[in-house]
Amino acid sequence: MRFDILTLFPEMFSSPLQESILGKAIEKGLIQIRTINIRDFALDKHQVVDDTPYGGGQGMVMKVEPIARAFEWVKSQSPSSWRVYLTPQGKPFTHDVARRLTSKQHLILLCGRYEGVDERVRELFIDEEISIGDYVLTGGELAALVLIDAVSRFLPGVLGSDRSAEEDSFINSLLEYPQYTRPFNFSGKEVPEVLLSGNHSAISLWRRKEALRRTAMRRPDLLAKASLSEEDKKLLEGIFQNETLLESGLRNKN
Ligand code: 4GX
């Protein structure tokens with residue numbers, strides 16, 4: 001899969017994309033990532049890429065022409081691509097959106113700065129607007145990195161051979177169970193005995209129960225959407241003597 005990133009700050013991508021799993025995925029040729037500096041497509045002497053907003057107001061707006069020329073240049077090399085603008089006004093980025101984007105062979109990610117891009121950029125060049133969350137970053141670059149990271153995990157070979165992104169918690173709509181490694185006792189806190197028992201069915205049961213507990217406590221919204229077995233429901237009853245949480249959606253659903 002190929003990612004082209006349109007940005008004013010290409011240096012922001014160098015080290016995050018060299019390390020660890022993404023670095024290896026690039027080395028192996030599983031993903032190709034290129035940064036394109038929008039400023040290189042400004043034709044005037046000072047390579048101006050922003051201007052004051054029509055109608056007044058604070059801040060600067062990214063001009064349409066350099067971005068248009070950058071998109072056209074990318075398109076001249078690779079005609080079919082899916083063009084994404086990272087913005088708090090976009091649709092929320094989720095596990096499902098990340099998986100859907102793996103069907104695209106070539107993604108172009110536009111990173112905005114300042115007060116965003118001229119509206120005509122969105123109208124003429126953007127297929128989809130995506131937000132990584134309800135907060136405001138200083139620019140779209142970190143959002144683009146988040147998107148690349150989450151999408152790449154779904155591509156065959158990017159995670160180790162025996163691991164799949166599908167197995168991760170969100171696919172069953174439950175949070176993950178707690179993990180431990182050595183030492184057994186740290187600062188008086190011991191690893192749950194069952195994990196040392198070698199009893200695999202007991203371990204599975206404990207993990208499922210902890211996943212249910214965690215999800216019920218932290219993300220009851222996810223629990224309401226999860227597909228729960230009869231055994232899961234029994235485990236949940238055990239978790240709550242008090243039934244008030246169960247009433248919120250669970251009962252209605254199952
Ligand atoms: N998820 N940002 C975009 C520029 C901007 C300003 C105003 C439109 C309107 C973000 C996010 C995000 C910061 C990227 C502002 N664009 N991107 N940038 N949250 O905060 O994706």
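The values are calculated or read from the model by the stated rules, or taken from the named source; none is laboratory data. Predicted model, so just to flag it, every value in this text is computed and none were measured. Please note: Cβ atoms are built from the backbone with ideal geometry, for glycine as well, and neighbour counts cover all protein chains shown.
Only residues that are surrounded by 19 or more Cβ atoms within 10 Å (Cβ to Cβ), at pLDDT 95 or above and either among the aliphatic types (A, V, I, L, M) or assigned to a helix (DSSP H, G or I) (or both): list them for region 151-173, please.
VAL151, SER152, VAL158, listed by residue number.
Could you tell me how many of the residues in region 180-203 are within 34 Å of the chain's Cα centre (by Cα), under 23 Å from GLU231 (Cα atoms) and polar (S, T, N, Q)?
The qualifying residues number 1.
Would you please list the contacts, defined by Cβ atoms under 9 Å and residues six or more apart or on different chains, that run from a residue in region 100-128 that is in contact (Cβ under 8 Å) with a residue 60 or more places away in the chain and of a type in the set (S, T, N, Q) to a residue that is assigned to a helix (DSSP H, G or I) and more than 10 Å from the ligand (Cβ to nearest atom)?
Note: pairs meeting the criteria are THR102/VAL151; THR102/SER152.
For region 95-122, give me the residue count where each residue is touching a helix residue (DSSP H, G or I) at 6+ places or on another chain (Cβ under 8 Å) and within 14 Å of ALA144 (Cα to Cα).
The total comes to 7.
Could you grab the pairs with beta carbons closer than 8 Å, sequence gap of 6+ or different chains, first residue in region 73-91 and more than 10 Å from the ligand (Cβ to nearest atom), second one β-branched (Val, Ile, Thr) and part of a helix (DSSP H, G or I)?
SER81/VAL74; LYS91/VAL97
Provide a single number: the residues in region 138-154 that are more than 14 Å from the chain's Cα centre (by Cα) and either without any contact (Cβ under 8 Å) to a residue 40 or more places away in the chain or over 17 Å from THR7 (Cβ atoms) (or both).
Number satisfying all stated conditions: 1.
Return yes or no: is ALA224 away from the ligand (no atom under 16 Å from the Cβ), at pLDDT below 95, among the aliphatic types (A, V, I, L, M) and more than 30 Å from ASP4 (Cβ to Cβ)? Step through it out loud before you land on a result.
Details: away from the ligand (no atom under 16 Å from the Cβ): yes; at pLDDT below 95: yes; among the aliphatic types (A, V, I, L, M): yes; more than 30 Å from ASP4 (Cβ to Cβ): yes.
Answer is yes for this residue.
I'm trying to understand the selection: among the residues of region 112-142, which are near the ligand (Cβ under 6 Å from one of its atoms), out of contact with any strand residue (DSSP E or B) (no Cβ under 7 Å at 6 or more places or on another chain) and either of a type in the set (Ser, Thr, Tyr) or not in a loop (DSSP other than H, G, I, E, B) (or both)?
Correct list: TYR135 only.
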